[in-house]
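What follows is a set of notes on a single structure, which appears directly below.
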Amino acid sequence: MPRQTMRKGRFQHAPDPRLQALNASIGFDKRLYAQDIAGSKAHSQMLAHCGILTKKESEKICEALDAIAKEIAEERFPFDAALEDIHMNIEAALGEKVGAALAGKLHTARSRNDQVALDFRLYIREEIDALQQALAALQKALVSQARAHAATIMPGFTHLQNGQPITFGHHCLAYVEMLARDRARLKDARRRVNQNPLGAGALAGTSFPIDRQRVAKTLRLEGVAANALDAVSDRDFALETLSAAAIIAMHLSRLAEEIVLWASPAFAFVSLPEAYMTGSSMMPQKKNPDAAELIRAQLGRAAGAFTDLLIVMKALPLAYAKDMQQDKEAVFQSLDALKTSLPAMTGMIAGLKVHEEAMRRMAAKGYPLATDLADWLVQEKKVPFREAHAQVGALIRRAEKTGGDLAKLQWDEIRAIIPSMTQDAYDGFSLEKAVARRVSYGGTAPKEVSARAEEWRKRLIGEKPERDQRKDQK
Ligand code: ARG
């Protein structure tokens with residue numbers, strides 16, 4: 001019996017191998033097998049509920065689908081490129097198990113267009129949930145570094161030039177906040193991913209008396225797509241996820257870049273755990289931060305995947321077109337990149353050894369207390385800020401002429417440039433005091449950093465993960 005059931009009626013000729021090479025998606029969409037089977041089971045149960053199949057028929061179909069899932073999971077399933085995609089591979093295998101007549105009934109009131117849209121949504125939903133967990137793990141690692149280093153002084157840069165002293169804890173919490181927004185974006189995208197397209201048919205709906213809500217409920221989908229044409233033809237849910245993923249990869253690339261800098265001998269702020277470093281084939285002394293570099297590079301994939309699908313979708317007339325088959329590789333490419341990057345980043349952050357003296361040494365360079373001097377003049381001597389800014393600027397210009405050290409200036413030189421400065425105050429400035437003073441909400445003061453870190457620690461411990469979707473598909 002030919003396995004190519006779709007060509008049985010209308011076609012006289014076998015597909016040209018050159019078409020098959022272009023058309024077959026089984027090489028990549030076999031990754032959707034569990035979702036395809038979950039969707040088919042929900043569909044057949046609904047058909048039985050609505051009297052379109054008998055209960056017995058549906059049970060036989062579901063049993064065979066379970067057996068197919070097992071064969072695929074155990075890598076015993078003979079995928080066949082002649083059957084194009086995962087949907088037809090499974091349908092053909094079902095026919096071999098329950099007979100073509102019964103297998104042929106499963107596709108009643110369904111098209112591959114709504115079927116693939118459902119599979120893809122289920123897949124992305126699961127990936128979002130896994131990403132959430134990986135992001136939370138990274139947040140936790142950053143929070144524990146923040147708690148350990150709430151008072152560890154480091155240079156705070158703007159333009160990668162010393163600006164003001166901050167604490168390493170403050171720096172870590174900045175990333176915790178970024179990741180929190182990343183997670184909020186994914187959570188928001190998930191609601192729109194989590195809709196039921198099944199029942200849209202090819203594009204127009206169906207004349208069978210189906211129950212789309214029931215399928216949604218079985219698969220724990222939050223709603224039912226309200227327009228059949230839209231349900232099969234848009235991929236904005238995938239694009240939203242890809243855009244959130246690209247932003248995550250961008251955040252990771254910044255952290256990765258900082259790690260590369262911090263671990264370089266020029267900075268020597270941190271030592272990376274050896275387990276995350278690699279050697280050189282020629283230079284025996286080398287230990288390289290390859291993990292950070294590779295994570296930094298993943299944005300190429302994530303941003304590429306987003307643009308890839310965006311351009312595939314551009315100007316496609318409604319409804320489905322085969323262009324859309326290319327949606328999956330983009331999603332796999334981007335989410336796979338994050339799936340390998342996030343745990344590696346988490347391991348690296350958890351194992352970072354912070355060199356406090358080196359951070360402090362660099363924090364002292366480049367007049368990091370200049371703002372504090374100016375602020376003091378404003379607060380204590382009522383000097384207008386612009387005037388204070390100019391006086392401190394002039395003092396630094398002077399210090400630069402004599403070797404660049406404010407501490408080496410004579411007191412009368414200082415008085416000549418800043419008439420209202422007092423010696424007590426001048427000698428009292430320090431990096432520690434500069435950070436301790438910045439107690440505004442979200443500021444770098446160790447007290448404030450500890451409080452925010454503690455809030456995050458509690459929040460992350462209290463979090464409940466989204467219920468694992470696989471449990472629902474039984
Ligand atoms: N493999 C196809 C895809 O991923 C399934 C949908 C095919 N639909 C069709 N009308 N040819 O897009």
Positions within region 393-421 being out of contact with any helix residue (DSSP H, G or I) (no Cβ under 7 Å at 6 or more places or on another chain) and open to solvent by 50 Å² or more (accessible area, probe 1.4 Å), in sequence order: R397, E400, K401, G403, A407, K408, Q410, D412, R415, A416, P419
Taking the residues in region 170-198 that are open to solvent by less than 10 Å² (accessible area, probe 1.4 Å) and not hydrophobic (A, V, I, L, M, F, W, C) as candidates, determine which candidate is nearest to P343 (Cα to Cα). D182
Name the pairs whose Cβ atoms lie under 6 Å apart, with the first residue in region 112-138 and closer than 28 Å to A200 by Cα and open to solvent by less than 10 Å² (accessible area, probe 1.4 Å), the second within 14 Å of the ligand (Cβ to nearest atom) and not in a helix (DSSP H, G or I), and 6 or more positions between them or separate chains? D114/P197; D114/L198; D114/A200; A117/P197; L118/P197; L118/L198
Top-ranked residue of region 66-92 - restricted to ones that are in a helix (DSSP H, G or I) and more than 16 Å from the ligand (Cβ to nearest atom), ranked as nearest to I52 (Cα to Cα): D66
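Residues are listed down the side, and each one gets a yes or a no for (1) in a helix (DSSP H, G or I); (2) under 30 Å from G27 (Cα atoms):
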residue	(1), (2)
L94	yes, yes
R110	no, yes
F120	yes, yes
L131	yes, yes
A134	yes, yes
Q139	yes, no
A150	no, no
M154	no, no
From the list A180, A189, A174, A150, which residue is small (G, A, S), in contact with an Asp or Glu (Cβ under 8 Å, 6 or more places away or on another chain) and either at pLDDT below 95 or away from the ligand (no atom under 16 Å from the Cβ) (or both)? A189
Restricting attention to region 320-357, and to residues there that are small (G, A, S) and open to solvent by 10 Å² or more (accessible area, probe 1.4 Å), which single residue is nearest to the chain's Cα centre (by Cα)? A344
Which numbered condition trips up L142, out of (1) of a type in the set (A, V, I, L, M, F, W, C); (2) out of contact with any Leu (no Cβ under 6 Å at 6 or more places or on another chain); (3) open to solvent by 20 Å² or more (accessible area, probe 1.4 Å)? (3)
If we keep only residues of region 12-32 that are modelled with pLDDT of 95 or more and out of contact with any helix residue (DSSP H, G or I) (no Cβ under 6 Å at 6 or more places or on another chain), then the residue most open to solvent (accessible area, probe 1.4 Å) is R31
Are there any pairs with C-beta distances below 6 angstrom linking a residue in region 305-328 that is under 18 Å from Q115 (Cβ atoms) and free of Cβ contacts under 8 Å to residues at least 40 places away in the same chain to a residue that is assigned to a helix (DSSP H, G or I) and within 12 Å of the ligand (Cβ to nearest atom), with the two at least 6 apart or on different chains, and if so which? D323/V312; Q326/V312
Does region 10-40 hold any residues that are more than 16 Å from the ligand (Cβ to nearest atom) and either in a loop (DSSP other than H, G, I, E, B) or touching a Ser or Thr at 6+ places or on another chain (Cβ under 8 Å) (or both), and which are they? Q12, H13, A14, D16
Among A388, A374, which is in contact with a His (Cβ under 8 Å, 6 or more places away or on another chain) and either within 16 Å of the ligand (Cβ to nearest atom) or more than 30 Å from A141 (Cα to Cα) (or both)? A374
Selection status of P284, modelled with pLDDT under 95 and surrounded by 19 or more Cβ atoms within 10 Å (Cβ to Cβ): no
Lone unmet requirement of (1) touching a Lys or Arg at 6+ places or on another chain (Cβ under 6 Å); (2) open to solvent by less than 10 Å² (accessible area, probe 1.4 Å) for C62: (2)
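The values are calculated or read from the model by the stated rules, or taken from the named source; none is laboratory data. None of the values given here were measured: they were computed from a predicted structure. Using ideal geometry, Cβ is built from the backbone for each residue, glycine included, and neighbour counts are taken over all protein chains shown. Note: accessible area is taken over every heavy atom of the protein model, side chains too, but ligands, DNA and RNA are not part of it. Shrake-Rupley method; radii C 1.70, N 1.55, O 1.52, S 1.80 Å.
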